[in-house]
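The values are calculated or read from the model by the stated rules, or taken from the named source; none is laboratory data. Everything numeric here is computed off the predicted structure, so don't read it as measured data. Here the Cβ positions follow ideal geometry from the backbone for every residue, glycine too, while neighbour counts run over all protein chains shown. Side chains included, ligands, DNA and RNA excluded: accessible areas come from the protein's heavy atoms. Shrake-Rupley method; radii C 1.70, N 1.55, O 1.52, S 1.80 Å.
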Amino acid sequence: GACEGAAGLGEGVQPPSAAPLLQASPPARSFQLDYEEDCFRKDGAPFRYISGSIHYARVPRPAWRDRLLKMYMSGLSAVQVYVPWNYHEPLPGVYDFAGDRDVEAFLDLTAELGLLVILRPGPYICAEWEMGGLPAWLLWKPDIVLRSSDPAYLAAVDSWLHVLLPKIKPRLYQHGGNIISVQVENEYGSYYACDYGYLRHLLGSFRALLGTEVLLFTTDSTRAQELRCGTLQGLYATIDFGPGSNVTEAFGAQRRVEPKGPLVNSEYYTGWLDYWGEAHASTSSAQVAQGLEDMLQLGASINMQSPFLQLSSLPRPGADFKDQYKPVTTSYDYDAPLSEAGDPTEKLFAIRTVISKFQPLPVGPMPPATPKYAYGRVALRKYADLLDVLDVLCPSGPIQSQFPLTFEAIKQAHGFVVYRTQLPRDVLDPATLGAPPHSVCDRGYVMLRQEYQGTLERDGQTTLRVTGRAGDTLDVLLENMGRISFGANISDFKGLLGNLSLDSSPLSNWLIYPLAIDTAIQQGWPHADLPKSSRGGRAGPAFYTGTFETPGVAWDTFVKFPGWSKGQLWINGFNLGRYWPCHGPQQTLFVPGSVLHVGHPNNITVLELEGAPPAPSLLFLDRPLFNRTL
């Protein structure tokens, strides 16, 4: 068709063949579907985009420009941007668009660098993000049906869209901005509800808030059933598939639902997910490049998934449910064309070479990899056992309840909660402390008389043998390891979902402590306080602290956890995510230079959950380590 010849032409270049069309004088700025010529038209001229995904929520704000510039220099004409609802509305009616969360500043930067934007405001985005971007507070209404026409869910969605979309409207291409299209929901066809009323409702809200001009679309896999449930009249249907697929066959699936119009792969997977305890995912550069070339040959528009990804101040990895709960690792490096530290890889250059065959690359060099520094070994000391600092971590005191309550029932979205009770009788012979299957969400660290007994797991060990005296304190620290982000089990409640029992008689009279660990550490605890005269033991949940200086420069670095078990790391109050080295594949956490200080000490805080090494220390390296799974 006429579109293929012009497909590679970018901003403002009119192919000779397009001249006659201009007599119809299209509106000054427009971005539309052309069903005759099977392509997009930008300002009346045939257009196709080559785009890459970037998550502003996973990249520290000081690095936004560097990552976007590298995307621009790779030859991409557009970026695809997800907006995670739960990142901006942490509590009902409480909105946060400051600092790292300033989505408007991020969008303005994309425009300044000459990139077009494909926006994915959700409300559900998947993106391996906690609960697919839906706020956990939706589950305060336990019987809510997410991603459906449930009035409680729609009311929350509408109030959010009324805050978000007015910020988007002036940035639409038609209004002089750079947002060329907006995706409604995400891979809805893979969700069990298949509720057309819900998609119709979203279509109405998006049209009402963004106007009639904007191009709205959906994305689903190539499976017929999913395309049936995920598409709707009035929304342009696009598909997603990866490098292994037969391109012609895959686009055949899109043609069955959209016989005319541009071919679009909205998520061309350039890398894949890592789960804790499995091998590091990897896709070959040659395979990715070949698939890209095959699609561009057909004149298709493409968005590449996971090119430039990095952590944010609140890592929110989600989880998948494939017959068992599988939490996703903290690092979102999934073997992407740009590494987590923003370094161009062989894969990026392979992609850039393919793009250069279809359209001119921007003039100038690719910005270099960011400098890294190995700050070396830093010794830590135990600050306190977690149970000795409940007064700081739970200033409002515990909630009393006859039986355990979920995180949602006590309105705690993330992190940790302590459940405390007393042994009702002497237990001289070992008795079984147990939980019903799948009721420990996601891990429970058990202490009796403040001594660590072991761990209960969601899909693993659900019993421990204990002995003790009547009145002995039993504490269970519950950890939320990320809410399921994909599939039917998205109402993923956290905490103790059932009663703990001792030799099958239920334990009652609980004190429940919701912990605000992030808040305390952001406010300078525990470095501002004197160390507790802590018990010497190294087992069980405890905080460790240390400091290090940077040698005059604050460069990116990677931290390794030699001999540590499982836990969480903060530097200068900035939550850098979870470590779990014995489980793998991720052995290091990325530390962006922007969180480090020059000229005064950097404060390290570690919450170790199971047991620290005899001489606790961290090792700062100048490169990441993946791929060790025991």
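Table for the structure above
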| quantity | calculated |
| --- | --- |
| HN-Hα J in Hz across the range 368-374 - Karplus 6.51, -1.76, 1.60, θ = phi - 60°, x for Gly and Pro | x, 4, 5, x, 10, 9, 9 |
| Relative packing of 91-101, 441-451, which averages over residues the other C-beta atoms within 10 Å, highest first | 441-451, 91-101 |
| Size of the range 396-515 as Cα extents on the principal axes (Å, biggest first) | 46, 33, 22 |
| Computed over the chain: relative contact order in percent, which uses C-alpha pairs under 8 Å that are six or more apart | 14 |
| Ala193/Thr547 FRET efficiency (R0 56 Å; Cβ-Cβ; nearest 0.05) | 0.65 |
| Cα-derived Rg to Rh of the range 128-263, Kirkwood definition | 0.98 |
| Helix-only [θ]222 nm of the chain, DSSP H runs n ≥ 4, -39500 (n - 2.57) each, per residue, nearest 500 | -5000 deg cm²/dmol |
| P(r) tail fraction, the range 31-357 - alpha-carbon pairs more than 35 Å apart, % | 14 |
| Centre separation in Å (Cα based) which lies between the range 121-166 and the range 67-116 | 20 |
| Surface accessible to a 1.4 Å probe, per residue, for the residues of the chain, Å² | 36 |
| Relative contact order (%) - the range 396-515, alpha-carbon pairs under 8 angstrom, separation at least six | 44 |
| Net dipole in debye of the range 31-357 [+1 Lys, Arg Cβ; -1 Asp, Glu Cβ; about Cα centre; nearest 20] | 480 |
| Modelled FRET efficiency - R0 51 Å, Gln290 with Asp102, Cβ distances, 0.05 increments | 0.85 |
| Size of electric dipole in the chain: Cβ of Lys, Arg +1 and of Asp, Glu -1, about Cα centre, debye, nearest 20 | 600 |
| Order by protection proxy (mean Cβ within 10 Å, highest first), peptides 197-203, 38-44 | 38-44, 197-203 |
| Relative contact order (%) - criterion: Cα under 8 Å, at least six apart; region: the range 31-357 | 20 |
| Estimated D of the range 515-583 in µm² per second, where Rh is the Kirkwood radius over Cα pairs and Stokes-Einstein applies at 4 °C, 1.567 mPa s | 91 |
| Gain upon complete extension [Met366, Glu112; 0.36 nm per residue less C-alpha separation] | 89.7 nm |
| Ranked packing of 176-184, 145-153, 390-398, most packed first, by mean Cβ within 10 Å | 176-184, 145-153, 390-398 |
| For the range 605-612, Karplus couplings with θ = phi - 60° (6.51, -1.76, 1.60), whole Hz, Gly/Pro x | 10, 10, 9, 8, 9, 10, x, 8 |
| The range 382-457: radius of gyration and largest Cα-Cα distance (Dmax), Å | 13.8, 38 |
| FRET E, pair Thr473, Ile144, Förster distance 41 Å, beta-carbon r, rounded to 0.05 | 0.70 |
| Which listed pairs, of Lys372/Lys494; Lys382/Lys560; Lys382/Lys494; Lys42/Lys260, have C-alpha distances above 27 Å, in listed order | Lys372/Lys494; Lys382/Lys494 |
| Over the range 100-207: Rg over Rh, Cα atoms, Kirkwood Rh | 0.99 |
| In Å, descending, principal axis extents of the Cα set of the range 40-174 | 47, 35, 25 |
| Net length gained if the chain between Phe493 and Arg465 were fully extended (0.36 nm per residue, minus Cα distance) | 7.4 nm |
| For the chain, alpha-carbon Rg relative to the globular expectation (2.2 N^0.38 Å, N residues) | 1.01 |
| Computed label-point distance, nm, for sites Thr432 and Ser508 using a 7 Å Cα→Cβ extension | 2.3 |
| Sulfur and carbon atoms: percent of accessible area, the chain [1.4 Å] | 53 |
